[in-house]
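Nothing in this text is a laboratory measurement; each read-out follows from the coordinates by a stated rule. Since the structure is predicted, the reported quantities are computational estimates derived from the model, not experimental observations. Here the Cβ is made from the backbone with ideal geometry for all residues, glycine too, and neighbour counts use every protein chain on show.
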Amino acid sequence: MSEYLKIRQFDKEKDSALVAGWWIGRGQTPVHPSEFTTSGIVAIVNGKPTACAWLFVNNRSHVATVENLISDPKASDEHVKHASELIFDFFRGEAECIGKVMEIEQPFQEMQLSFCGGPVNGDEILDQCEGVIAQLGEHDMVTTHNFTPGMYIRQIFIPARTILTSRIHLTEHPYVISKGDISVWTKETKTMRLKAPHSGITKPGTRRLLFAHDDTIWTTFHATNDTDADSIVDTITTTRNVLEVGK
């Protein structure tokens, strides 16, 4: 490993105040040191501590989880990117050594989104992610359509470890997560991790990036007298390309 990039073990006594300052600097509530596992590491870039994270292992699961990933808000985007990649690579190797698959607890953090090669906010990052997903290969998810007088009910089954984006929603409507565990990123709210049972309201203009930690059932409800599902989708959602042409 070069002198430019190094890692060391997290020292609770020496490093707790440092990472607490990083969380505060990013407008987040610091994680209490009592919640840290013993497997924390600090990534050092060009001689300065730049990012930190912990690996959580549950013996009842085949998944090892990267938790509480945080970086110095004063560090450059390039340094944060390099530090984060170093942490992910190190923990991926640690997980493989004990027969686990590494999963990121909170996807779509600013430093992770920057890996896509674009900006870290706005619709541009979603465009970048859609391009990456398309390269990985797309597959259809099981969608169930139900109708009641004046109502279209759309239920989607999202398999565990699926990453996807949504179209741009044009209407305000309720949704329910009746099963599962899913992380959702939007340019307005950033990342939220939602676990069933959960309900909410989708606002016009919403466009989502999602990662299912577990098999998830997401149901939306739309006021309409139309009974053609494809026609309804074209009425209640749109894409960036359509919006750009319409300007």
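Okay, here's what the table says:
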| quantity | calculated |
| --- | --- |
| Distant-in-sequence amide H partners of T237 (H built 1.01 Å from N, under 5 Å) | L170 |
| Length-normalised contact order of the chain in % [C-alpha pairs under 8 Å, at least 6 apart] | 14 percent |
| Only Lys, Arg (+1) and Asp, Glu (-1) charged, at Cβ; the chain dipole about Cα centre in debye | 500 debye |
| Linear extension gain, V63 paired with R193, 0.36 nm per residue minus alpha-carbon span | 45.1 nm |
| Residues D77 and K203, FRET efficiency given R0 of 41 Å [Cβ-Cβ distance, rounded to 0.05] | 0.90 |
| Distance (nanometres) between label positions extended 7 Å along Cα→Cβ at T37 and R161 | 1.7 nm |
| Rounded D (µm²/s) - segment 5-105, Kirkwood Rh over Cα pairs, Stokes-Einstein at 37 °C, 0.692 mPa s | 239 µm²/s |
| Contour minus Cα-Cα distance for V132 and F147 (0.36 nm per residue) | 1.9 nm |
| Equivalent ellipsoid dimensions for the chain as semi-axes, Å, which come from the Cα gyration tensor, largest first | 38, 20, 16 |
| Full-extension gain in nm, Q28 to S178, via 0.36 nm per residue minus C-alpha separation | 51.1 nm |
| Rounded, prolate or oblate (a/c below 1.5 giving rounded, otherwise prolate when a/b exceeds b/c) for segment 143-246 by Cα gyration tensor | oblate |
| Spacing of the two label points (7 Å from each Cα toward its C-beta) at K48 and V233, in nm | 4.7 nm |
| Using a Förster distance of 30 Å, the FRET efficiency for K12-D214 (Cβ separation, nearest 0.05) | 0.45 |
